Amino acid sequence: MKKRILVVDDDPLLRETLNLILARAGYQVLLAEDGHSGVRKAHTERPALVLIDGLLPGIHGFHACKAIKELAAPPKVIMLTGVYTKVNYRWEVKEHYGADDLLIKPVKTAELLACIEKHLADAVDLPMAAPTIERPSQTY
């Protein structure tokens, strides 16, 4: 079974590029364009791993990462950034936001896939969350 990877990035070209790279590598790819939809999809789709940009509209990528890592049985999360490139950010995203790794854009395909494989070695996809069905209120 293909492992599911959620890509969260507001750049449509980068999202599609990552989609192609990951699909060719044998992964099932899910896409989200902002922090809110990324957190929502991580909750409902239960991917094994999330690739998330550091700068996102809506919820900042670091805060979206933290929200994803607070889910029950959270996925692995790799932050991608072209802005937060100092060494101290690698420590900060792991310590304060729970990210499993940080890659600096532009990232080479081989480096990206090696990082993903390293983190997915012990990760498993969880069953997707059951949809919430709300009962209509009954009046007597």
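Where a number appears in this text, it was derived from the coordinates with a stated rule and is not lab data. It should be emphasised that the depicted structure is a prediction, and the values quoted were computed from it without experimental measurement. We place every Cβ from the backbone using ideal geometry, glycine too, and count neighbours over all the protein chains shown.
Couple of notes before you dig in:
- Between VAL77 and VAL50, ASP100, ASP101, the built amide H atoms are under 5 Å apart, and every one of these is 5 or more places off in sequence or on another chain.
- Amide H contacts under 5 Å for ALA25, placed H, 5+ residues apart: none
- Residue among PRO106, PRO47, PRO12 with the largest mean-square fluctuation in a Gaussian network model of the chain, springs linking Cα atoms under 10 Å: PRO106
- Pairs from the table (LYS2/LYS41; LYS3/LYS66; LYS2/LYS118; LYS41/LYS66; LYS2/LYS69; LYS3/LYS94) lying more than 19 angstrom apart at Cα are LYS3/LYS66; LYS2/LYS69; LYS3/LYS94.
- Shape call, region 30-123: gyration tensor on alpha carbons, a/c limit 1.5: rounded
- Surrounding net charge for GLU33, when Lys and Arg each add one and Asp and Glu each subtract one, Cβ distance under 14 Å: -3
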